[in-house]
Structure formats: C-alpha cells, structure tokens
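The values are calculated or read from the model by the stated rules, or taken from the named source; none is laboratory data. Here the structure is a predicted model, which is why all the values come from computation and not from measurement. Calculation scope for accessible area: heavy atoms of the full protein, side chains included, ligands and nucleic acids excluded. Shrake-Rupley method; radii C 1.70, N 1.55, O 1.52, S 1.80 Å.
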Amino acid sequence: LFRSGPELTSYEELVKRIAGLSTRLTSIEQREAEGLNTANRTLTSISDNVGRLGTIIANLEVKLGKDMAFLEEDIERQLKAEEVARGEMERALHRTIKDELEALRQLARTGEGFGDSGSSSSPLAIAAG
C-alpha cells in the first residue's frame, strides 16, 4: 500500500507542479480580474464623460438658440429704426423742398430781385405755376 522510492518522488513532483500551476492560474485570474476592473472603470469614466458632453452640447444648443433669437430680434429692431429714420428724413426733405419751392414762388410773385418778373418762360414763373 505504501509507496516509496522513485514513485514517491514522481508523485511529489507532480503535486508540486500542480501546486505551481494552480498558483500561476490564480495569478493569471487575478491579473485578468484587475484588467477587467480597470476596463470597467475606464468604460464608466468614458460613459460619464459622454453624458457630461451631451449635457454641455444641449446647453450650448439652448444658448445658441437664445442668442440667435436675440440677434434676429435686434436686427429686426435696427431695420425698423432705420426705416422710421429714413421716413422721417424723407418727410423732412419733402418739407424743406416744399418750403423752398414756396419761397421761390413767393419771390416770383413779388418779382423781388429779378429783372424780368413778368416773363412766363422764367424758371421762377414756371415754379410759381
């Protein structure tokens, strides 16, 4: 039943080799688990960063939309203000032209400062109509 000699030595070597392989396998499994944990942490970090980036992009889109709306309204206000100012300038120009024309007509009727006030071909007589 009991073995001795070279058979025992082979058995002990086999047990030692199995124990060594078991230790190596455990070490490989530990490194694999550490690698998986590192990969999981990295993926979680990437996922978190993607989520934050999505939030940043959404906030920028909202801000850009508000800025665009403000700029559109500002441009519209400026265009309206320019239109009002142009209208006022045109009315002032028409009033000035009308006033000047009336002054010329008055001068033409009174004949002041003109040698031939009775001539119907005179520009003032035509303006006086």
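Numbers for the structure displayed
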read-out	value
Unique match (being of a type outside the set (V, I, T), part of a loop (DSSP other than H, G, I, E, B) and either at positive phi or at pLDDT 95 or above (or both)) among G113, G87, G118, G35	G113
In the range 51-72, the residues that are among the charged types (D, E, K, R) and open to solvent by 100 Å² or more (accessible area, probe 1.4 Å)	R52, E61, K63, K66, E72
